[in-house]
Amino acid sequence: MNYFEPFNSYIDLEEMKLNSEGELIIRKLSDMVDMFQNKKAAEEALKENPIIYKVYNVQIPEESGHLQHCISIVYPGKIGNEYYMTKGHFHKIKETSEIYLTLKGRGKLIMQMPDQKLRVLDMEEGNISYIPPYWAHRTVNIGDEPLIFFGVYRGDAGHNYGIIEEKGMSVIIVEEGDKAVIKNNLAN
Ligand code: S6P
Ligand code: ZN
C-alpha cells in the first residue's frame, strides 16, 4: 500500500496567502472578459487588466480517495455594475459534491443544474455551503473587501468550464442602489 504523508497547510488571512507547495491560479480580467455583460465597461477595464481572483491549491493526487482543497480569494470590484466573480464550473465527474467555508467577506454562491434549476446562497463569515452533486457553481464578491473561502472536494472530480464559458449562468449579480440584486442573464 502507498502511504501518503499527513500534513498541515496554513492560511494567513491578513496576508491572504496559503502556505503550501501547490499551484497558485491567478485569473485576470483578460482570462474571462467575455463573461461580463457590459462589453464597453469590460473593454475599458481591460486597459488595467485587474486580478479578479486567485486560487491557492494544495497539491493532492487526483485520485478518488483523496480530498482536493484550496483557498479562493475573489477581489472586490465591478465591471459596469456586475460584481467580480469566478468563472464557474461543473465538475468533470458530475456526481461529485463540494463544501465551501467562508472565512472572510460577503458573497453569493450561484448554483445551477443542467436543467437550469437555480439556487443562490449567501456567503458570510462562518457559512458552510454545501454544493451537492451535479450543481455548477460560481462565487460572486458583493462586498468591499476580499471574499475568502476554503473549498474541499473529491480528489478526481476535475473541472468542466465549457458550457458556462459559452453561455454563462442564467442569472447575474449586479449592484443596484447600493444593493446586490439577482437579475436574469438576458444573454443566456
Ligand atoms: C474547485 C472549487 C474552487 C474553484 C475556485 C475558482 O472545485 O470550486 O476551488 O475552482 O473558486 O473558480 P473557478 O470556477 O474558476 O474554478
Ligand atoms: Zn468546484
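Within the range 95-106, count every residue that is within 16 Å of ligand 2 (Cβ to nearest atom), in contact (Cβ under 8 Å) with a residue 40 or more places away in the chain and either part of a strand (DSSP E or B) or open to solvent by 20 Å² or more (accessible area, probe 1.4 Å) (or both).
Within the range 95-106, residues that are within 16 Å of ligand 2 (Cβ to nearest atom), in contact (Cβ under 8 Å) with a residue 40 or more places away in the chain and either part of a strand (DSSP E or B) or open to solvent by 20 Å² or more (accessible area, probe 1.4 Å) (or both) number 6.
Test residue 122 against the stated conditions and say whether it is away from ligand 2 (no atom under 15 Å from the Cβ), at negative phi, open to solvent by 50 Å² or more (accessible area, probe 1.4 Å) and not in a loop (DSSP other than H, G, I, E, B).
So residue 122 fits the description; yes.
Restricting attention to the range 149-167, report how many residues are assigned to a helix (DSSP H, G or I) and either charged (D, E, K, R) or within 11 Å of ligand 2 (Cβ to nearest atom) (or both).
3
Would you point out the residue of the range 125-148, among those that are part of a strand (DSSP E or B), in contact (Cβ under 8 Å) with a residue 40 or more places away in the chain and of a type in the set (A, V, I, L, M), that is surrounded by the fewest Cβ atoms within 10 Å (Cβ to Cβ)?
Filtering the range 125-148 for residues that are part of a strand (DSSP E or B), in contact (Cβ under 8 Å) with a residue 40 or more places away in the chain and of a type in the set (A, V, I, L, M), the one surrounded by the fewest Cβ atoms within 10 Å (Cβ to Cβ) comes out as 136.
Residues 55, 120: which one is within 9 Å of ligand 1 (Cβ to nearest atom), among the β-branched types (Val, Ile, Thr) and within 16 Å of the chain's Cα centre (by Cα)?
Going through 55, 120 in turn, just one is within 9 Å of ligand 1 (Cβ to nearest atom), among the β-branched types (Val, Ile, Thr) and within 16 Å of the chain's Cα centre (by Cα): 55.
Hey, any hits in the range 173-183 for a residue that's part of a strand (DSSP E or B) and under 15 Å from the mean Cα position of the chain (by Cα)?
yes
The values are calculated or read from the model by the stated rules, or taken from the named source; none is laboratory data. This structure is a prediction, so every number in the text was calculated from the model and none was measured. Neighbour counts are summed over all protein chains in view; Cβ atoms, including those assigned to glycine, are modelled from backbone coordinates with ideal geometry. To get the accessible areas, we keep the full protein, side chains included, count just its heavy atoms, and leave off ligands, DNA and RNA. Shrake-Rupley method; radii C 1.70, N 1.55, O 1.52, S 1.80 Å.
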